[in-house]
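The structure under discussion appears below in the form of structure tokens.
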Amino acid sequence: MIAIIDYDAGNVKSVEKALQFLGVEAVVTRDPMVIREAEKVILPGVGSFGEAMEKLHNYGLVELIKEVVASGKPFLGICLGLQLLFESSEESPGVEGLGILKGKIVRIPDGEGLKIPHIGWNSLTYPNPGRLYQGIEENAYVYFVHSYYLQAKEPEIVVAQTEYGVPIGASVEKGNVFACQFHPEKSSAVGMTILRNFIEIGREA
């Protein structure tokens, strides 16, 4: 069973439907017992960094997420869920992120012909090997919706990248922690492959 953390930050239903489509039992929950007992955990999210962190604190989920990650359980952040794993965001000055990964979230710079937020399909390249991208060709397209992007302190954790005026870290992996800035649940067959690869982590033996 995969637990999808519900903290009133959107897009949980589309993630749940995608997992069900792949034949996986998925539960949308904020119940600590259910989250602890899950085989894997997903932190989705859309919205603002500061409001999301406030909700995670209010629901008592911050320490629980850190506990789950420390246990070695596969953990996947999606969109805002990726950003929250890092230390801070320009969107919400003074608000601490989860700090599970090192780096900060910054606004996509204005550029000629670029609309912000970055909405739509964009292609991926793979600067480092990533388990979520097994079987996915270079330049595969996925669906983005965001105005802020990751600047990782450890470039080696960035396993997928896109270009939107600047190089944008589209996905990271470190140990049992995985995250995508884009929405795999809205990224057609490529996204389903990414989610299937996440489902298979730990089952390979």
Write out, first by first residue and then by second, each pair whose Cβ atoms fall under 9 Å of each other, whose residues are 6+ apart or on separate chains, and whose first residue, in region 9-22, is among the basic types (K, R) while the second is assigned to a helix (DSSP H, G or I) and open to solvent by less than 30 Å² (accessible area, probe 1.4 Å).
K17/E185
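With the requirement that a residue be in a loop (DSSP other than H, G, I, E, B) and not hydrophobic (A, V, I, L, M, F, W, C), what does region 103-114 give you? So that I can check it myself, show each step before the final result.
Of region 103-114, the ones in a loop (DSSP other than H, G, I, E, B) are 108-114.
Within region 103-114, P109, D110, G111, E112, G113 qualify.
A quick yes/no check of all residues on (1) in a strand (DSSP E or B); (2) on the phi > 0 side of the Ramachandran plot:
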{"residue": "E96", "(1), (2)": "no, no"}
{"residue": "L101", "(1), (2)": "no, no"}
{"residue": "I116", "(1), (2)": "no, no"}
{"residue": "I119", "(1), (2)": "yes, no"}
{"residue": "N122", "(1), (2)": "yes, no"}
{"residue": "L132", "(1), (2)": "no, no"}
{"residue": "E137", "(1), (2)": "no, no"}
{"residue": "Q161", "(1), (2)": "yes, no"}
{"residue": "G165", "(1), (2)": "no, yes"}
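Matching residues to (1) surrounded by fewer than 17 Cβ atoms within 10 Å (Cβ to Cβ); (2) of a type outside the set (A, V, I, L, M, F, W, C); (3) farther than 20 Å from I108 by Cβ:
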site: K17; (1), (2), (3): yes, yes, yes
site: V24; (1), (2), (3): no, no, yes
site: V34; (1), (2), (3): yes, no, yes
site: E37; (1), (2), (3): yes, yes, yes
site: M53; (1), (2), (3): no, no, yes
site: L61; (1), (2), (3): no, no, yes
site: V68; (1), (2), (3): no, no, yes
site: G72; (1), (2), (3): yes, yes, yes
If I filter region 150-162 for residues that are under 27 Å from I2 (Cα atoms), more than 17 Å from the chain's Cα centre (by Cα) and touching a residue at least 60 places away in the same chain (Cβ under 8 Å), do I get at least one hit?
no
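I'm checking my understanding of the structure. Among residues of region 39-51 that are among the β-branched types (V, I, T) and closer than 12 Å to I4 by Cα, which one is surrounded by the most Cβ atoms within 10 Å (Cβ to Cβ)? Steps first, please.
Step one: filter region 39-51 for residues among the β-branched types (V, I, T), giving 41-42, 46.
Keeping just the survivors that are closer than 12 Å to I4 by Cα gives 41-42.
Values: V41: 24, I42: 26.
So the residue we want is I42.
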Which condition breaks for L19 when tested against (1) farther than 12 Å from C79 by Cα; (2) out of contact with any strand residue (DSSP E or B) (no Cβ under 6 Å at 6 or more places or on another chain)?
(2)
Among the residues of region 124-149 satisfying the criterion of being open to solvent by less than 30 Å² (accessible area, probe 1.4 Å) and out of contact with any Lys or Arg (no Cβ under 9 Å at 6 or more places or on another chain), which is nearest to G202 (Cα to Cα)?
L132
Scanning region 139-153 for residues that are in a loop (DSSP other than H, G, I, E, B) and more than 15 Å from L82 (Cα to Cα) gives N139, A140
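The values are calculated or read from the model by the stated rules, or taken from the named source; none is laboratory data. Just so it is clear, the model here is predicted, and its values are computed rather than measured. Backbone-built Cβ (ideal geometry, glycine too); neighbour counts: all protein chains shown. Protein only, heavy atoms only, side chains kept; ligands, DNA and RNA dropped before computing areas. Shrake-Rupley method; radii C 1.70, N 1.55, O 1.52, S 1.80 Å.
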